1. Within segment C:101-138, which residues are open to solvent by 50 Å² or more (accessible area, probe 1.4 Å) and of a type in the set (S, T, N, Q)?
2. Would you check which residues across segment C:219-228 are surrounded by fewer than 24 Cβ atoms within 10 Å (Cβ to Cβ) and either more than 7 Å from chain B (Cβ to nearest Cβ) or among the β-branched types (Val, Ile, Thr) (or both) and list them?
3. Provide a single number: the residues in segment B:411-449 that are of a type in the set (A, V, I, L, M), under 22 Å from B:VAL384 (Cβ atoms) and either at pLDDT 90 or above or open to solvent by 20 Å² or more (accessible area, probe 1.4 Å) (or both).
4. Enumerate the pairs (first residue in segment B:169-193 and over 15 Å from B:TYR208 (Cα atoms); second residue anywhere and acidic (Asp, Glu) and in a helix (DSSP H, G or I)) with beta-carbon separation below 9 Å, excluding pairs fewer than 6 apart on the same chain, so at least 6 apart or on different chains.
5. Just name the residue that is surrounded by the fewest Cβ atoms within 10 Å (Cβ to Cβ) out of those in segment C:146-178 that are within 24 Å of the chain's Cα centre (by Cα) and β-branched (Val, Ile, Thr).
6. So which pairs qualify, if the first residue must be in segment C:197-218 and within 7 Å of chain B (Cβ to nearest Cβ) and more than 13 Å from B:LEU355 (Cβ to Cβ), the second must be open to solvent by 10 Å² or more (accessible area, probe 1.4 Å) and of a type in the set (Asp, Glu), the Cβ gap must be under 9 Å, and the two must be at least 6 apart or on different chains?
7. Quick check on this structure: which one of B:ALA364, B:ALA334 is among the small types (Gly, Ala, Ser), buried (at least 22 other Cβ atoms within 10 Å of the Cβ), at the interface with chain C (Cβ under 7 Å from one of its Cβ atoms) and assigned to a helix (DSSP H, G or I)?
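The values are calculated or read from the model by the stated rules, or taken from the named source; none is laboratory data. Only a predicted model underlies this, so the values are computations on that prediction, with no experimental measurement involved. All Cβ positions, even for glycine, are placed from backbone atoms using ideal geometry, and neighbour counts span all protein chains on display. SASA here: full protein model, heavy atoms, side chains in, ligands and nucleic acids out. Shrake-Rupley method; radii C 1.70, N 1.55, O 1.52, S 1.80 Å.
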Amino acid sequence: MSAKQRIVQGLGLATAGALALGLTACGGGEGGDDDGLTTIGFVAVGPEGAWREANEANIQDTFTEDAGYELKYAPATNLDQKSQIDAFTSFVDEGVDVILLSATEATGWEDSLKRAQEAEIPVILLDRGIEPDDTDLYVTRIAPDNIEVSTAVADWAVSAFPDGANYFVLEGPAGVSVVNERNEGFDAVVGGQPSLVKVGAQTANWSTEEAKGVVETVLKSNNNDVQFIFAQNDEMGLGAVQAVQEAGLTPGVDVKIATIDGTKNALTALAAGELSFVAEYNPLFGETTLEVVEQVLNGDDVESSIVVPSATFDSPEAAETALPDRKF
Amino acid sequence: MPESLPIVEMVGISISFPGVKALDDVGFRLFPGEVHSLMGENGAGKSTLIKALTGVYKIDEGEIRIAGEPRRLGGTADAQSAGISTVYQEVNLCSNLTIGENVMLGHEIKGAAGINWRATHRAARETLEKLGLGHLDPKQSLATLPLAVQQLVAISRSMVAKSKVLILDEPTSSLDANEVEQLFTVIRRLRDQGVAILFVSHFLDQVYAISDRLTVLRNGRFEGEYRTEELDRARLIATMIGKDIATLKSLDAKASRRVRSDEPPLYSAKGIGRKGAISEVDIDLHRGEVVGLAGLLGSGRTELARLIYGADRPDSGEVTLDGEKAEITTPAKALARHIALSSENRRDEGIIRDLSVRENLVLAVQARRGWARPLPRREQDALVEKYIAALGVRPADPERPIRLLSGGNQQKVLLGRWLATEPELLILDEPTRGIDVGAKAEIQEYVAALADDGLAVVFISSELEEVVRQSDRIIVLKDRRKIAEIEGGHGVSADSIVTIIAEDALGDERADAVVREEVTS
Amino acid sequence: MSANARGPVEALKGLVRRQYFWGIVAVALLLLVNLVKDPGYLAVSIGPSGNLAGNVIDILRAAAPVILIAVGMCLVVATGGIDLSVGSVMVVAGAVSMEFLKDAPDTVGSTFTALALVIAVSAALGAVNGVLVSVVGLQPFISTLVIMLAGRGLAKVITGGQNTAATNETFRWIANGYVFGLPVVFLLALLVAVGVGLLVRRSALGLMLEAIGMDAKAARLAGVNRRALLFTVYIFGGVLAGFAGVFATASVMTVDVSRTGYQLELDAILAVVIGGTSLAGGKFNITGAVVGAILIATLDKTVVFLGVSSSATPAFKAIVIVALCLLQSERVRRVFRQRRAAGTARPAEREVVAA
């Protein structure tokens, strides 16, 4: 019992310590205006995966001192919203010039955003939206469009299977907004094509291993009569490739697999012909963000939603060209 | 008082279990406003009778009448609604709740917004006051209280349920004299309020101190119902175990006669002690000798036993075994050196409830061999058979889970566990507590025989008479230190030990220390 | 464990009394449901490379990692503990092996080096659990929770936050290869389960673990070396989890730092419970844990085979498990028994007072 308390206390101390460190780090930048730099507070998600890493590194690499900015990077601890709110509040108190926010959770931001508004600090949402989506509380949201990306996959599928095909969808965890949006964009196009027959959809929780297990069974239950698999992320697509191979089929020939995200691993597989189509969900929106920040500071009007353009790769050659520059 | 109508009347009750007739045509009456003791050896059928009355067992034949009405008791809930409450040996309370919450559990006073805690606590206080327990704070957590007080709380709880019959099954087995007195005061109050009390205890003194009448069972049969004053102790025991009085007298009179040999001690400790448990003690233990540790509860007798065995790590002192320095800091080390301890806490530190008799019996031997060298099944069976026969464990079924045995038989299995390790030094802490007269006599005899065979035995009991009778030498402890060491034999009695303790207390100019010690223990 | 030499009927009766009997029934029912959907479900054919192929084989392969962690969990639970860290140990093991193999030559030697690394790392993590539980005396729930939280972080540090992939044919063979036409993973898992089963029952280990789980104080006083045994059990559980991690990552030759082994500790606990081992500790049943693991794998595969939609999957699984637990519950079973017996038979065992 007392041991438990000790642990809890220990954790509490550790958290307090981490906060104190964070605060002193923030406090150091008080004189930001003196050296002529624009201070940006970045309430970030932190370590989550390759995509997020590329995304946040890109932001950090864009807002450099050479470009005239001082970026204060505050990643969430363990994807915890409370740590984000704390960081957000201290940025407001400090009086930074602009706040960039990638929220770990969509809800519960009204109070913090209102405080920023009262302090006349513009807030720009990066990637993640908020709920309820009150556009008065922030300047704009910069993100790639899931619907647009999945529509690209669907368009490719329609053109790749003129004679029709049976297809299966590997989804992310049920109920997540990304999954819903990627389904929405895909179904809107493919649903109108009677020649494309959906044999099923299952979650593989974004995981390679689970996707392999799912596809293995799906192929058996359909007697290998599946020509197309839409994997909602690269990892699951790579799992599907292995399951197809284990079943004695050739990916890219017997079964074509399309994925979303566009990581290095996926492009390598595309270059090897194992994947057939990769739609990028572009994490690199530093440039776009920089432009928007400048517009905001100049007092220009900006759209309440800005879509980051994403590329698609539909051939091994396209993948090979893109591979050397891949950042994620 | 018995001339009123009985509140409980059990007629011609029979209950059989596969292979055993547990109760055979037993009758029992309980009147309002009396304390009635149910007597008998373990296995006589006391527990079965109580379980029939509390609806745990279904009766095969016979009838139970409550307040004149025939009742079928299909479960404990039926019994409770018939006004029958039971307080068991092991208190069934929620130790994480407060006294008040425990007393009122299931009878909380409801207000508009759920439970009205203030009123509930007030009601709890009133109930406690009625039983002369007004000094207890209903808001105190139960877990902080000694077992004795918890038992009183359990009794208070049955009063909230407005019970007309209160069954107390071995309520005193872990209480000291002062606590027993406190309990008896409560029992008498309840009796005077007209509650019928069924009392079960192995302590004859207590039975005689509190009971108005006695019912004796033997081997599942009714032996008789007596007014307490018409049956003296010797006759009671004779009735219970079905032997004649002369045999018993001879057992009782057997005086210790072993003489300490001149050879060096098997076990010798200089200044062994542990902070907060017992201050530094010198102790020598010889082969073939029974050394008694005497003292009140909390005097440090159990603590000393645990230090010798390494159950607690001594933080001072030196130990030699046969003249050689020895480090005994864990039970495993002690067993390796052929030292064994039978704990006073049979239930929590002795038996392992869900293991079989066989597994319980071989556990210590197996532990000493280590897990990689299992005792072959044939040897296990031989060992188990040997000790079941030697100690008279009943039923003699090695594969039965030990929890299904009576307390006395559990104790015999434990004794077997330690003897199977072939100890040279055997420490027995309260080996006879809470077991019936027959088993007690058997264990006492066995201990004497062990010492005759050359074992060094340390014997601890809260019954001073028993310590005196068993021991060749007695170490008297008080306030967690050794205050005297006396040779046993003629001229030593329980009274002389009490005198030593009392004189020591006077010497400390704290004449009331004895009493206080009992209270705080 | 008493051998039933009295004939098949007696043996069957003995089986019915076992808790995991209902687990076997559940597996059979699930297979039956699949069979109804596709009459060819149970067919096992010779696959493209001369190995057995079929849905049943897939189930056995999927069950392998769960069997390993369930066996480890079974021993830990027997001591009255619980090991929440197995999933995290799996991902660390996967991360270590992938990071090593990524830059190592594609040889058998590399595989063995990777396995040695896995054993070392997972044993070390198990040892941390063991020390926290047995020496420091923390509650197992808390101790292993620490490793559960820290482990996944550690895996991210090892791979630098990436989902590292590697190529090594031998390593891949562990999860995808066949011996005698059967999946290597399943054979290995079965070997471990049988080995552990024999070890605990033929030696006195089983008795001692049960004694610790039932009554730690009494066991200690009886000379059982609780500390050393607990320490060993947690290390052993860690190593088994490490191998489960190898199975999981070798299957796709990729470690997914956020998904490999994710929440598999719950599957392991579930398998143990289905197998008739009480979470309170004490009596344990390795066979039961294996049955439980196979049931979980069958359930997972059935969900996909039937095409249950993603959102309904958790509910489907929950219903099956709850139904199973109800069947296993003593109270529910008693109701059934009483109906069947209709008053003719008496309950077999009662607290009999010594006569």
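1. C:THR107, C:THR113
2. C:ARG226, C:ARG227, C:ALA228
3. As a first pass, look at segment B:411-449 and keep what is of a type in the set (A, V, I, L, M): B:413-415, B:419-420, B:425-428, B:435, B:437, B:439, B:441, B:443, B:447-449.
Next cut, under 22 Å from B:VAL384 (Cβ atoms) only: B:413-415, B:419-420, B:426, B:428, B:435, B:439, B:443, B:447, B:449.
In the following step, the residues that additionally are either at pLDDT 90 or above or open to solvent by 20 Å² or more (accessible area, probe 1.4 Å) (or both) were identified as B:413-415, B:419-420, B:426, B:428, B:449.
Of the residues in that region, 8 qualify.
4. As it stands, the answer is B:ASP176/B:GLU518; B:ASN178/B:GLU518; B:GLU179/B:GLU518, since those pairs meet every condition given.
5. Taking segment C:146-178 as the starting set, the residues that turn out to be within 24 Å of the chain's Cα centre (by Cα) are C:146-155, C:171-178.
Those still in the list that are β-branched (Val, Ile, Thr) too: C:146-147, C:174.
Working: C:VAL146: 19, C:ILE147: 24, C:ILE174: 22.
Applying the filter and picking the extreme gives C:VAL146.
6. Within 9 Å, the pairs are C:LYS217/B:ASP348; C:LYS217/B:GLU349.
7. Values: B:ALA334 fails: at the interface with chain C (Cβ under 7 Å from one of its Cβ atoms).
Every option except B:ALA364 fails the conditions.
Listed here are the residues, each with its yes/no results for (1) touching a residue at least 60 places away in the same chain (Cβ under 8 Å); (2) surrounded by fewer than 24 Cβ atoms within 10 Å (Cβ to Cβ); (3) basic (Lys, Arg); (4) over 15 Å from B:SER461 (Cα atoms).
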| site | (1), (2), (3), (4) |
| --- | --- |
| B:GLY271 | no, yes, no, yes |
| B:ILE278 | yes, no, no, yes |
| B:ASP282 | yes, yes, no, yes |
| B:GLY288 | yes, yes, no, yes |
| B:LEU297 | yes, yes, no, no |
| B:GLU303 | yes, yes, no, no |
| B:LEU307 | no, no, no, yes |
